[in-house]
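None of the figures in this text is laboratory data; all of them are computed from the coordinates on show. Treat the numbers as computed from the prediction; the structure is a model and nothing was measured. When we count neighbours, we look across all protein chains shown, and the Cβ atoms used for this are built from the backbone with ideal geometry, even at glycine.
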C-alpha cells in the first residue's frame, strides 16, 4: 500500500515539474531567478523620532478597539493588577518567561510549564492570559508573538477570552519591513511559529457590520512599558 | 447536505454569464446588498491605500516578485519541498482535483476523523472537497462565519472575501434559529456572531484534523501563512493534532523577507485595514506547539496551462484580495453568482476560463463579462493587467470557435462575416469598392449623421451604440482629389 502511494505521488511530482518546464520554455536556460529584476523602491525603515513612533503605535492599536495604556517600567505591576481587577480576572494563564514581578497578588496564575502543560479545557475555562511579545509594529498597530520568552505556545493566546499583552517601548519598530527583518532569525534558525495580532478578532461578514471578537480573545488590552 | 448549482468546476453544463446575469439583475434585494457592500469596501480601501506614500513601489515589487516566481516555478517548488521536509512537514504533489481530494480524504481517514474543521479556502471549493469528503463519510465543517452561514443555508459563495454578502441579518437569524436551534436570538450581528462562536468552539476543541488553504508559502524557509480576521484560522491551524494545507503551486514567494511586500499589499487591498486582525506563520511542526503532523498539498489543476500562455501567465500573480470585485461596475450589478464559479468578478473572468480550458460555452462567456473600463487593473496590488488578459482570452475563444468548429464553425455567420471583413480590409480595391457600395446602401439607415439601428443580425451591435455612416467623401477620395488639382 505504502509503495503504491509513493509511486503515485512521485509521478505527479515529476509530471507537474515537466509541465512547468514546458510552460516556461520562453525563459532562457541561463537565466537565474535573481536575474529577474525586482524593484525595491518602497520604504524599508522609519526615521521618525522614537517617541513619535511609540505614540503612533498606541494610536493604531487603539483604533482596532483594543485598550492601550502607557506606564513606566516600575508601574507595570500596578497597572496589570488594576487591569485584572477592572476585568474581574481571577485565573490568569501565564506562559514561561513572564517576569514574576508582573503578576498581581490577587490572581491565581495558571502556569504552562514544559512538564505540565495546561489542557485546552483549562485554557478554555481560564479568565485570560498575560504575555509579553516579540515586537510591536507602529505603522500598523500590530503585536507580534514568536513563541519566545514570555509568550508561550500559540494556544495560550487563543483559547482564553481575554489577552493582556505587555509591549516594552524598545520592542516597537516603525515599519512592516523592519519587523520581518527582525523576525528572520527566529524563523530561519529555530522555525518558530509567528503570529501577528492587530486588534481583537473581528468579522464584517454580516452586512459588513464590524463585530469585535469572534474566535480567540474577544478583548485585547495592551500595556506599553518604558 | 449541500445543494450546489453547477459551477465551472463541477460536472455538467454551466450557464453563460449573460443567462445568469439576467437572473441576478432581476433580484432587487441582492442588488441592494451587493451595491451597499462594494461601495463601502471601495471607499475604505482607497483611504487605506492613500496612507502609504510608497504604494506604487510596493505594487511594482509585488509584480516583480511574482514574475520572478512564475519564470522559475519549478526551482521554487523544489526548494519549498526541501524546506518543508527539513522542518518536519510532509509534501504531496497533485495533478488535479481528483488526486487532491483523494490524498486529503486519505489523511483524514488515517486519523479516523469523521469530522474535520476548515478555514475558508477557495482552492478547496475549486476541487469540491466538501462534497468529496461527504461521500467518503467525513463531514467538513466550515468555520469562517460567512462560509458557515452559506454552508448551513446550502448555498454557494458570491464574493471571494465576503461570501455571504448576499444575505441580510434577518435571513441569517432565521437560519440560525432553524439550523442551530438557537433560541432568543436577536438579529444584531454581535448576537448572531456569538451564537456561531459558541457552536464552533466545541468543533475546534474536538477536531482531529484541520484543513486550510494557503495565502503564501516561502520557498527559502518552508514557512506558510494564513491571513484572516476571525481567529477561526488560528483555531484550525493550531488546535487539531493534524493539519492539511492545500495550496495552488502559484502561491510561492521566494524569501521570508518578501513578506514585507505582500503583507502590506494584501490587508489594505482586501479588507482596507492597515493589517488584518490575525496572521499565522508557521514552519513545519514545532515541538509542543500546534499540530504534530503537517501536510502540504501542492496542486496544479490547470495552473501550468495558464503558465504556458505568456499573456495569461500574470493571472497567477493573484493574491486573492478581491479588490477588483469591489471596483467592478459589472460585478457591482450582477453579484458573484452570475459568474458561475468559485472565482467571481474580474479576476474570475480571466482565471476561471483558463483553469477549466477554453472551449466550454459557459466559461467562454466570462471574458465578455466586462466593459474593459480598467478599474480592476488600477487597484490590483500585483498589477495584473486584467483588461489585457480579457481581450487576449476573447481572441482565444473566437479562434477556438473558428478552428475547432469544423464545417459548422466555418459556416457560422459571425465567422463568415469576420472572414469577409478581413479580406476586404486587406485589399485596397475591395476596400474602396466596399465603401462605395456602403455609401449607396446606407441611405435608408442614416439619420442626421448616425446609424441608430442596423438591420437583421447586425442589430445587436447598434443596441447599445450608434454607428457613423460612410461620409460623402472619404479621406482617400479627398487625398486623391487634392493631388489631382
So how far apart, in nm, are the two label points at residue A:29 and residue B:191 if each is 7 Å from Cα heading toward Cβ? 7.1 nm
Separation between Cα centres of region B:143-208 and region A:148-221, rounded to whole Å: 25 Å
Cα→Cβ-extended label distance, 7 Å offset, between residue A:72 and residue B:111, nm: 5.1 nm
On a 0 to 90 degree scale, rounded to 10, what angle separates helix A:76-86 from the longest Cα axis of chain A? 80 degrees
For A:116, B:283, what ranking results if the residue with the fewest other Cβ atoms within 10 Å of its Cβ goes first? A:116, B:283
Listing B:218, B:416, B:49 by rising number of other beta-carbon atoms within 10 angstrom, fewest first, gives B:416, B:49, B:218
Rounded to 0.05, the calculated FRET efficiency for the beta carbons of residue B:26 and residue B:462 at R₀ = 22 Å is 0.30
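Among the DSSP beta bridges whose two residues both lie in chain B, what percent are antiparallel, rounded to the nearest 5?
30 percent
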Rounded to the nearest 500, what is the 222 nm mean residue ellipticity of the protein assembly as shown from helices alone, with -39500 (n - 2.57) per DSSP H run of 4+ residues and division by all residues? -13500 deg cm²/dmol
Among the DSSP beta bridges whose two residues both lie in chain A, what percent are antiparallel, rounded to the nearest 5? 25 percent
Gyration tensor verdict on region A:50-225 (Cα atoms; rounded if a/c is under 1.5, prolate if a/b is larger than b/c, oblate otherwise): rounded
Describe numerically, in nm with one decimal, the distance between label points set 7 Å from Cα along Cα→Cβ at residue B:287 and at residue A:47. 4.6 nm
Taking the beta-carbon count within 10 Å as an exposure proxy, list B:443, B:478, B:55 from fewest neighbours to most. B:443, B:478, B:55
Between the Cα axis of helix A:2-23 and the main Cα principal axis of chain A, the angle (0 to 90°, nearest 10) is 70 degrees
Degrees between helix B:97-110 axis and first principal axis of chain B (Cα, 0 to 90, nearest 10): 10 degrees
To the nearest 0.05, what FRET efficiency results for residue B:368 and residue A:21 with a Förster distance of 35 Å applied to their C-beta separation? 0.60
Within region B:181-320, percent of DSSP bridges classed antiparallel, to nearest 5: 40 percent
Please list, by residue number, everything in region B:221-238 whose backbone N is under 18 Å from a paramagnetic label point 7 Å out along Cα→Cβ of residue A:122. none
